[in-house]
Amino acid sequence: MLSYTCKTDSRPEMTASFFSRIIFLGTSLSPIDFEDVIAEPEGTHSFDGIWKASFTTFTVTKYWFYRLLSAIFGIPMALIWGIYFAILSFLHIWAVVPCIRSYLIEIQCISRVYSICIHTFCDPLFEAIGKVFSSIRATVRKEI
């Protein structure tokens, strides 16, 4: 038999910290506690017996429905996610990485041609412009 305890003296309000505990996509969600869902504000409290009964009802229902849903959908969802990640791994290994590597090999040849063109045409131009502007002298005078 399951036994649950409930703290009747501390009933936190639902604040931004509850929402900040939920992390989206790629990580697991924080466990949901009774106080996160049913939060009575300060100054408003139900009877202790009702609070304990609702806590027990919530906790037992959450526990057994999770088990029931896991028993019904756990294996089919594991199968679906296993197939999905197998396909994703297959495509990554046999399609994505070879395409990226072949692209980098082709770009390497083009980058050499581009580098030769820049050094042939742009370097002399910029050197000439640099020599033209190197003879300019600027002085600052302070007039009173």
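Tabulated values for the structure
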item: Label-to-label distance, nm, for residues given as Ile144 and Glu127 (7 Å Cα→Cβ offset); result: 4.9
item: Trp64 - accessible surface, heavy atoms, 1.4 Å probe, Å² rounded to 10; result: 130
item: Solvent-accessible surface (1.4 angstrom probe) belonging to Glu106, in square angstrom, nearest 10; result: 120
item: With all protein chains modelled, accessible area of Cys99 [1.4 Å, Å²]; result: 80
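The values are calculated or read from the model by the stated rules, or taken from the named source; none is laboratory data. Everything numeric here is computed off the predicted structure, so don't read it as measured data. Don't worry about glycine lacking a Cβ; one is built from the backbone with ideal geometry, like all the others, and counts go over all protein chains shown. All accessible areas refer to the heavy atoms of the entire protein, side chains included, with ligands and DNA or RNA removed. Shrake-Rupley method; radii C 1.70, N 1.55, O 1.52, S 1.80 Å.
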